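The values are calculated or read from the model by the stated rules, or taken from the named source; none is laboratory data. Worth saying up front: this structure is predicted, and the values here are computed from it rather than measured. Glycine also receives a Cβ, built like all others from the backbone with ideal geometry; neighbour counts cover every protein chain displayed.
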Amino acid sequence: MDSKNTEILVLGGGLAGFVAAKTAKDQGKDVILAAKSGGISEICPGAFDILGMVPGENKKIVVKIQDGIKNLKTVKPDHPYARSNSLNVAIEKLIDLAKDGGYKVSGDGNKNVFLPNIYGTFTTAAYVPSFLNAGVLRIEKKEKRNVLVIGVKGHQEFNCAHAARSYEYVGKRHNISDDTYYSVDITLPSFKNRTRVSSAEFAEFVDTKKGLMELVQTVKENVSPKLGLDLILFAPVLGFYKTDEIVETLEKATGVKVAEVASAGSSVVGFRLSRALRRGLEAHDIPFLYGYEAKAIRNVEEKVEVDFVAGATDYCHPGQQVTVVADKVVLAIGGFLGGGLSRGQKVVKVDLLGLDLGSITEADVNYNVFDSVGQPYLNMGLTVNENMEPQNIGLRNIFACGDIVAGFDGIYERSSAGVAAVTAYDAALSASR
Amino acid sequence: MENYDVVVIGGGTTGTAVMRDLVLRGFTKSVLLERDDLAAGTSGGCHSALHGGSRYVVSDIQTAKECLHENIIYKKIVPQVVDPTDALWVARTDEHMEYAKQWMHNADEIGLPYEVVDVKETLEDEPLLAKDIQFAIRTIDTGFDPFRLCIAQAYDAKSKGATIKTHTEVIGLLFDDEDEKKVTGVKALNRLTNEIYDISCKLVINATGAWGSQVTEMAGFKIPVKPNKGTMGVYAMRPTKALIGILRYPGDGDGLVSQGYQNTSLLGTSSVDIEDPDTQKPGLDEVEIMENSVAEIIPELRNARFIRFCSGVRPLYSETSETGRAVSRRMILLDHEQRDGYRGLITITGGKYATARLMAEETVDLASEKLVGKVIPCTSADELILGAITHEEAEELAKKISSKYHIPLYTAHKLAARYGSVAATIVQDFPEHVAVVDDSVQIIGSEVLYAIREEEVGNILDIRRRIRTGMGQDQGVFSTYKVSILAKEFAGQSVETCFEKTIEYTQERWKGMYYALQYAQQLQTATLLQKMNVGFGNLDCLDIG
């Protein structure tokens, strides 16, 4: 039985976990981050959302974020944004950590921008990574660009012909884009006999020298100067590791700006962010125990002990058992997606704490799938006090942040990254006192 | 005015079986009118057990005989919709053991094939069964795909000359000018275009099941059809390979069934009398009772995740005041000329999915007499239904398709198993779209396009019944938009229509999950659906404030 000691133990590998770990470290504490996985961040589009919508009868997309937050506070006075003043500094922590890991993100935090996505609609975001940057649409600064949307034969996740027509239609109808969109499906010679190639396989291929050469060659053959292109939008498969290089090479070869379209559920794009956050931690000497699943938590006198099972497990491999002893523990274990909130028989639980949050009734779910007020159950989680300590859990020296916390709906508000950052920052500050 | 010999109202298994039989006997000038889509009613909400008689052999031996007879026929004429397994009926308690004795006695009487199997071996083969099972019988019941069976019957008829009109509602009957009790046709409403028009015919066959009285009331009289609801829960896995049942008098929650080559299973059934077949919804109390019941033979059942709940309405028929399970599931053929003085109208109702072919046979016997004065012999038990091939032939076809079109063998196996020989046409006609678009159910793009071209689809819900898109564990989270885009490109629809249909189908999937969310197990999938569509995709709203 392995055992470790630290001052602050953060549980959870999503945005909240990383921000909490960095914040605690910046306060001069010994920190360990431990996580089963990166949760939903491992399949996210890679941009950061602060606030995209205020759920309600006449919901509309928020463009001016501060105005949106003011509005949100009146509708949801217990929202994490209403209970904290640290949003800006928390977001900076997240952005800096990602940057230290090689992931560049830009935006001014005050206006949402629009990103063409794989569905043919537009995703809203406050901060945008480098590989999406050239594709950004700003409401108040609409241009009339000529855009070529490129899909790759075999890649079933993105239909470029549909996307081009859709961006044009949706863009005009909702006053988001004045661009003209063309589309072309290219065939990479190495995959010409394949009917289906996953995003991961394409990404892995173009990360290689041979793959990149083939990609550039094929794209050049399909980009006609006659079109007078201002922008190329590409399927989100431009590498796991070398995305910036690949984009730059394509821009040089074609003389046109290049960006990916925003993905949804892509492990390729999610990997880029998760990896960068891990490398950011490394750059600051914060140990990260990846693949460690917290199974039990208890107070031993004033300290907190957490038992983990580490490594891949199955019937024949029970995994390694490790216990970490910490002064304080910060829970960033996620909600329904990340796994912090688990589903039992008719009851929502927080397994790690042995806590029963009650059952879901008709009042918690709306029959209309995309209800204007959202799905109430998404607000479920741990109730925390002003120090980010969960109430009534029978444990001391525990703090909580991110999706596990109650009182916000990161999906309908399009606020996941912002809430993750601000709650993590506040929780880590409290834990560090 | 459109003119046919026969109008069949109702696109469930009864109506489509009647169409098939009519056409086989030469009555090709027939049209099927269905107000929604094939199998959108009761036939799409059934427990999907292709009964071999086991369930009824003690309680209703006549029905058991019919089921036995029909089970063997279905497996011969339409193997592609039948799950390639059999059934295990088990006894745990002394009460079950008593019932088992009666079961075997009756089974011997009617010639129902069964084998008493070694309990230890059975438990090794099906490790999730309760360890204290005393006794087990292996027999011929199995599961089947209730959508595809209806659809296969309908398109079998169409391929031989009949007309199938879905999204066409009968809103009135037409009567002879001279004789107000002679039905001469129907008034039809095309629900996609809102056009109303008349169809004339010699005979109207009312095969609307639980809605039967709504049709006869257009002539001015009621029939005592009692709508009775059954709720089902769909699990995200198959706890047992075989269809599983409890050896006891039929009640709520008798067992688990899988719908033909699927990796999900259905918990069923319950029986609740209701007033209106159009406003029913799944009953969570019923689900609890059923799960408790089956958990007696599969103790860890509650750990299996419910993906969704759904329900269907049975047409029970009773001239007395009996209700619920006490009312016979027998088929009822009503000659309204004899019974009510109305010529040109007959009703077929009651019955079970598993005996629909037989119901159709009796119906068309009567129809034949009325149309040509004699009974033309029925061949529906011998003729193969469109695409039928044996399992061995399907495996051969799968290998060929896999190697020629570069698709995984597993995908080709499912394709050939479910469509039979039609699988070859699907990939030949749409070779550029043979990639998988729904991973949970292993559907290829070509199937979507074939359904649109051949099988009268108005929206993705209709496509779903034909190819099962979105019916797997992910409930369409990763596949609905792909299917929708493919459909739009092929059918030349607008972007707006494409999004409308995507949202419409997502709503339909949500409707089933909505109830399952109160069981809490489906919360993760439901949240993923919201995250992808709303959080990442903004599919809910793009209006800027």
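Is it the case, given these coordinates, that residue A:146 is surrounded by fewer than 22 Cβ atoms within 10 Å (Cβ to Cβ), touching a strand residue (DSSP E or B) at 6+ places or on another chain (Cβ under 6 Å) and in contact (Cβ under 8 Å) with a residue 60 or more places away in the chain? The answer is yes for residue A:146.
The criterion of at least 3 residues that are under 27 Å from residue B:33 (Cα atoms) is met by the following helices (runs of 4 or more DSSP H) wholly inside the stretch B:49-163: B:61-77, B:146-159. Only one of the numbered conditions (1) more than 18 Å from residue A:405 (Cα to Cα); (2) out of contact with any Cys (no Cβ under 9 Å at 6 or more places or on another chain) is not met by residue A:53, and that is (2). Scanning the stretch A:399-415 for residues that are in contact with a Pro (Cβ under 6 Å, 6 or more places away or on another chain) and away from every other protein chain (no Cβ under 14 Å) yields a count of 1. Being of a type in the set (Val, Ile, Thr), more than 9 Å from chain A (Cβ to nearest Cβ) and assigned to a loop (DSSP other than H, G, I, E, B) holds for only one residue in B:525, B:469, and it is B:469.
Tell me yes or no: at least one residue of the stretch B:444-453 is without any contact (Cβ under 8 Å) to a residue 40 or more places away in the chain, within 20 Å of the chain's Cα centre (by Cα) and surrounded by fewer than 20 Cβ atoms within 10 Å (Cβ to Cβ). Yes, there is a match, as at least one residue in the stretch B:444-453 is without any contact (Cβ under 8 Å) to a residue 40 or more places away in the chain, within 20 Å of the chain's Cα centre (by Cα) and surrounded by fewer than 20 Cβ atoms within 10 Å (Cβ to Cβ).
Can you tell me which residue is surrounded by the fewest Cβ atoms within 10 Å (Cβ to Cβ) among those in the stretch B:266-280 that are in contact (Cβ under 8 Å) with a residue 40 or more places away in the chain and closer than 26 Å to residue B:440 by Cα? Looking at the filtered set, the residue picked out is B:266.
Exactly one condition in (1) modelled with pLDDT under 95; (2) out of contact with any Cys (no Cβ under 7 Å at 6 or more places or on another chain) is not met by residue B:428; state its number. Tallying (1) modelled with pLDDT under 95; (2) out of contact with any Cys (no Cβ under 7 Å at 6 or more places or on another chain), residue B:428 fails exactly one: (1). Among the residues of the stretch A:359-374, those identified as within 10 Å of chain B (Cβ to nearest Cβ) and either surrounded by fewer than 19 Cβ atoms within 10 Å (Cβ to Cβ) or touching a residue at least 60 places away in the same chain (Cβ under 8 Å) (or both) are A:359, A:361, A:362, A:364, A:366, A:367, A:368, A:370, A:371, A:372, A:374. In the condition set (1) under 26 Å from residue B:40 (Cα atoms); (2) part of a helix (DSSP H, G or I); (3) within 14 Å of chain A (Cβ to nearest Cβ), residue B:463 is compliant with all but (3). With respect to (1) under 24 Å from residue A:82 (Cα atoms); (2) at pLDDT below 95; (3) aliphatic (A, V, I, L, M); (4) touching a Phe, Trp or Tyr at 6+ places or on another chain (Cβ under 6 Å), the lone exception for residue A:373 is condition (4).
When the criteria are applied in full, residue B:39 meets the requirement of being in contact (Cβ under 8 Å) with a residue 40 or more places away in the chain and out of contact with any Asp or Glu (no Cβ under 9 Å at 6 or more places or on another chain). The set of residues from the stretch B:500-522 being among the polar types (S, T, N, Q), more than 7 Å from chain A (Cβ to nearest Cβ) and part of a helix (DSSP H, G or I) comprises just one member, B:502. If we scan the stretch B:363-370, do we find a residue that is in contact (Cβ under 8 Å) with a residue 24 or more places away in the chain, of a type outside the set (A, V, I, L, M, F, W, C) and within 26 Å of residue B:227 (Cβ to Cβ)? Yes: the stretch B:363-370 contains one or more residues that are in contact (Cβ under 8 Å) with a residue 24 or more places away in the chain, of a type outside the set (A, V, I, L, M, F, W, C) and within 26 Å of residue B:227 (Cβ to Cβ). For the stretch A:66-93, filtering for residues that are within 14 Å of another protein chain (Cβ to nearest Cβ) and buried (at least 22 other Cβ atoms within 10 Å of the Cβ) leaves 2.
Among residues of the stretch B:505-529 that are farther than 23 Å from residue A:44 by Cβ, those with a beta-carbon under 8 Å from a residue that is of a type in the set (Asp, Glu) at least six positions away or on a different chain give the pairs B:517/A:364; B:518/A:362. Looking only at the stretch A:375-390, filter to residues that are touching a Leu at 6+ places or on another chain (Cβ under 8 Å) and away from every other protein chain (no Cβ under 14 Å); which one of those is surrounded by the most Cβ atoms within 10 Å (Cβ to Cβ)? Checking each candidate, the answer is A:382. Each residue in the stretch B:407-439 was checked for being within 12 Å of chain A (Cβ to nearest Cβ) and in a helix (DSSP H, G or I), and 6 pass. Taken as a whole, the stretch A:94-105 holds no residue that is touching a residue at least 40 places away in the same chain (Cβ under 8 Å), acidic (Asp, Glu) and within 14 Å of chain B (Cβ to nearest Cβ). Under the condition of being more than 8 Å from chain B (Cβ to nearest Cβ) and basic (Lys, Arg), the residues counted in the stretch A:320-351 number 2. Every condition in (1) more than 11 Å from chain B (Cβ to nearest Cβ); (2) closer than 24 Å to residue A:205 by Cβ; (3) aromatic (Phe, Trp, Tyr) holds for residue A:127 except the one numbered (2). Among the residues of the stretch A:42-63, those identified as more than 12 Å from chain B (Cβ to nearest Cβ) and not acidic (Asp, Glu) are A:48, A:50. Just one of the numbered conditions (1) free of Cβ contacts under 8 Å to residues at least 24 places away in the same chain; (2) among the hydroxyl-bearing types (Ser, Thr, Tyr); (3) in a loop (DSSP other than H, G, I, E, B) is not true of residue A:74: (3). Selection of the stretch B:376-402 for residues being in a helix (DSSP H, G or I), modelled with pLDDT of 95 or more and not basic (Lys, Arg) yields B:396, B:397, B:398, B:401, B:402. Filtered by the rule that a residue be at the interface with chain A (Cβ under 10 Å from one of its Cβ atoms), touching a residue at least 12 places away in the same chain (Cβ under 8 Å) and not hydrophobic (A, V, I, L, M, F, W, C), the stretch B:472-499 gives B:479, B:481, B:482, B:484, B:488. Looking at the stretch A:154-176 only, could you name the residues that are in contact (Cβ under 8 Å) with a residue 40 or more places away in the chain and either of a type in the set (Lys, Arg) or away from every other protein chain (no Cβ under 11 Å) (or both)? Once the filter is applied, which keeps residues that are in contact (Cβ under 8 Å) with a residue 40 or more places away in the chain and either of a type in the set (Lys, Arg) or away from every other protein chain (no Cβ under 11 Å) (or both), the stretch A:154-176 yields only A:165.
Could you tell me which residue of the stretch A:233-258 is surrounded by the most Cβ atoms within 10 Å (Cβ to Cβ), considering only residues that are of a type in the set (A, V, I, L, M) and more than 23 Å from residue A:196 (Cα to Cα)? My answer is A:258. Residue selection: residue A:378 satisfies the criterion of being within 20 Å of residue A:390 (Cβ to Cβ), out of contact with any strand residue (DSSP E or B) (no Cβ under 7 Å at 6 or more places or on another chain), touching a residue at least 24 places away in the same chain (Cβ under 8 Å) and of a type in the set (A, V, I, L, M, F, W, C).
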